[in-house]
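In what follows, a single structure is set out as structure tokens and then discussed.
Coordinate-derived values only; no laboratory data. Computed from a predicted model, the values in this text were never measured in an experiment. When we count neighbours, we look across all protein chains shown, and the Cβ atoms used for this are built from the backbone with ideal geometry, even at glycine.
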Amino acid sequence: MQPTSEVNQRVARISAHLHPPGFQMGENSGLRAANCRAKGGAPGFKVAILGAAGGIGQPLALLMKINPLVSVLHLYDVVNTPGVTADISHMDTGAVVRGFLGPQQLDNALSGMDLVIIPAGVPRKPGMTRDDLFNINAGIVKTLCEGITRCCPNAIVNLISNPVNSTVPIAAEVFKKAGTYDPKRLLGVTMLDVVRANTFVAEVLGLDPREVDVPVVGGHAGVTILPLLSQVKPPSSFTPKEIDYLTDRIQNGGTEVVEAKAGTGSATLSMAYAAVKFADACLRGLRGDSGVVECAFVASPVTELPFFASKVRLGRTGAEEIYPLGPLNEYERAGLEKAKKELAASIEKGVSFIRK
Ligand SMILES: NC(=O)c1ccc[n+]([C@@H]2O[C@H](COP(=O)([O-])OP(=O)(O)OC[C@H]3O[C@@H](n4cnc5c(N)ncnc54)[C@H](O)[C@@H]3O)[C@@H](O)[C@H]2O)c1
Ligand SMILES: O=C(O)C[C@H](O)C(=O)O
């Protein structure tokens, strides 16, 4: 008779072989559902969502499962991924979905990923600024980015966790420390500012928002969110009152949602939409499509600051070209000075969190 410990070890070895870390639905049925006649899903990209069980994470996972460019979708969180994964995995779309729960499964969630989207971290409540989230979210972003350096250092990273103006510099420092930093592959997601700007400007102009394109530059908090209304497409003119109204509404769109949600969170549904719009652009760039241009907060030469949001061209290696701001009017030049002052402090705060 074999000693119990030896039997247990054999069972553990066989189990590890049959059930690699991470889980797919149908594991208890004997037939693992996702392995039945498995073809590894449609050709496409491997995408991980970190914070996948959250307010943004869940609708984002749903929308990425629909995206035909995605062949494998890894859902990672520290809570609730089994339920979210079971639910999403029943959708009859191409991507194979796998769930990963807790820090011990982080590396498996990240291995081999082409794109990592990070909406992990706490959201604001009324009365808070995004910077008030720094103390909790800085550490979360650091840990997740350390995982990226170990498991998928060449992945494109879409960073959503706030305060974006500081978390992107944190990620850059983590990658630099590990020797894996490629500035083209690290993108802070500011797409929600563009989505809001397109919507609010369309309302004022009486247009369909899908016909409107508003560049939003700077960063992602208060006065650092700088809509360039002089560069709206189709070319449009605004009264001074409209400019004040639109600038204020775009800069405070996040707060509008935080207050309406009255303590239950911040934008999740419009953010999931914006995150997918941006992730899809990154995947089309990776595929080699030409002319994919979106705004993002990236390492940038367009101002004296190390990071800045502006239009970037997305290609096979990430943000391959960063466009200058173009001609600004006096109102926008004044806004730019205010934005740069606040951005400089937020960037420095992120950098020193890692260097200290
Ligand atoms: N960039 C933007 O435009 C934008 C827009 C909206 C929200 N946000 C930010 O996105 C973040 C998430 O917002 P939400 O509404 O989804 O919050 P949420 O609390 O609903 O979800 C966050 C998720 O992160 C998970 N999480 C916490 N620590 C983690 C860790 N160490 N590893 C993995 N997952 C972890 C939580 O378990 C939770 O499921 C917030 O910081 C929010 O401010 C950014
Ligand atoms: O406002 C927030 O705290 C969340 C997000 O940054 C947003 O713009 O909606």
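Per-residue packing, averaged as other Cβ atoms within 10 Å, sorts the ranges 157-164, 265-272, 309-316 into the order 157-164, 309-316, 265-272, beginning with the highest.
Across region 116-123, computed HN-Hα scalar couplings (Karplus, 6.51 cos²θ - 1.76 cosθ + 1.60, θ = phi - 60°) run 10, 10, 10, x, 7, x, 7, x Hz from first to last residue, x flagging Gly and Pro.
Positive end of the dipole of region 230-330 (Cβ unit charges, origin at the Cα centre): among 292, 270, 260, the Cα lying farthest that way belongs to 292. A simple charge model with +1 on the Cβ of Lys and Arg, -1 on the Cβ of Asp and Glu and nothing else charged puts the dipole of region 206-287 at about 320 debye relative to its Cα centre. Highest average first, the peptides 85-92, 56-63 ordered by how many other beta carbon atoms sit within 10 Å of their residues are 56-63, 85-92. Once the C-beta distance of residue 284 and residue 210 is scaled by a Förster radius of 22 Å, the resulting FRET efficiency is 0.80 to the nearest 0.05. Charging the Cβ of each Asp and Glu at -1 and of each Lys and Arg at +1, and nothing else, the dipole of the chain about its Cα centre rounds to 1000 debye. Answer rounded, prolate or oblate for region 42-189, using the Cα gyration tensor with square roots of eigenvalues a ≥ b ≥ c: rounded when a/c is under 1.5, else prolate when a/b is larger than b/c, else oblate. Note, shape of region 42-189 comes out oblate. Within the chain, DSSP assigns beta bridges of which about 45% are antiparallel (rounded to the nearest 5).
Per the Debye formula on identical point scatterers at the alpha carbon atoms of region 190-355, with no solvent, log10 I(q)/I(0) at q = 0.12, 0.14 Å⁻¹ is -0.55, -0.76. Within 14 Å, Cβ to Cβ, of residue 319, how many net charges do the neighbouring residues add up to if Lys/Arg are +1 and Asp/Glu are -1? Result for the neighbourhood of residue 319: +2.
Couplings 3J(HN,Hα) for region 57-67, derived from phi with the Karplus relation 6.51 cos²θ - 1.76 cosθ + 1.60 (θ = phi - 60°), are x, 5, x, 5, 4, 4, 6, 6, 5, 7, 6 Hz, where x marks Gly and Pro.
Note on the chain: Kirkwood radius taken over Cα pairs, Stokes-Einstein applied at 20 °C and 1.002 mPa s, translational D equal to 101 µm² s⁻¹. Potential lengthening of the chain between residue 323 and residue 90 amounts to 79.7 nm, from the contour at 0.36 nm per residue minus the alpha-carbon distance. Over 22 Å apart at the Cα level, from the set 176/349; 176/340; 241/261; 65/184; 311/338; 277/311, are 176/340; 241/261; 65/184. Neighbours of residue 234 by Cβ distance under 13 Å: Lys/Arg scored +1, Asp/Glu scored -1, total -1. Restricting region 262-356 to GluC sites (Glu not before Pro) that sit in a DSSP loop and have at most 15 other Cβ atoms within 10 Å of their own Cβ leaves 304.
Residues in region 232-247 carry Karplus couplings, in order, of 4, 10, x, x, 9, 10, 10, 6, x, 5, 5, 5, 4, 4, 5, 4 Hz; the curve used is 6.51 cos²θ - 1.76 cosθ + 1.60 with θ = phi - 60°, and Gly or Pro positions show x. For a quick check: with amide H placed at 1.01 Å from N, whose amide H comes under 5 Å from residue 181's, ignoring anything fewer than 5 positions away on the same chain? Excluding prolines and chain starts, which carry no amide H, the hits are 176.
Look at the dipole of the chain built from charges on Cβ: of 229, 170, 83, the Cα furthest out on the positive end belongs to 83. Full extension of the chain between residue 355 and residue 244 gives 36.0 nm of extra length, using 0.36 nm per residue less the Cα-Cα distance.
For residue 295, neighbours were defined as the other residues whose beta-carbon sits under 14 Å from its Cβ, and their charges (Lys and Arg +1, Asp and Glu -1) total +1. Using only Cα atoms, what Kirkwood radius does region 208-254 have, in angstroms? Computed over region 208-254, the radius equals 11.2 Å.
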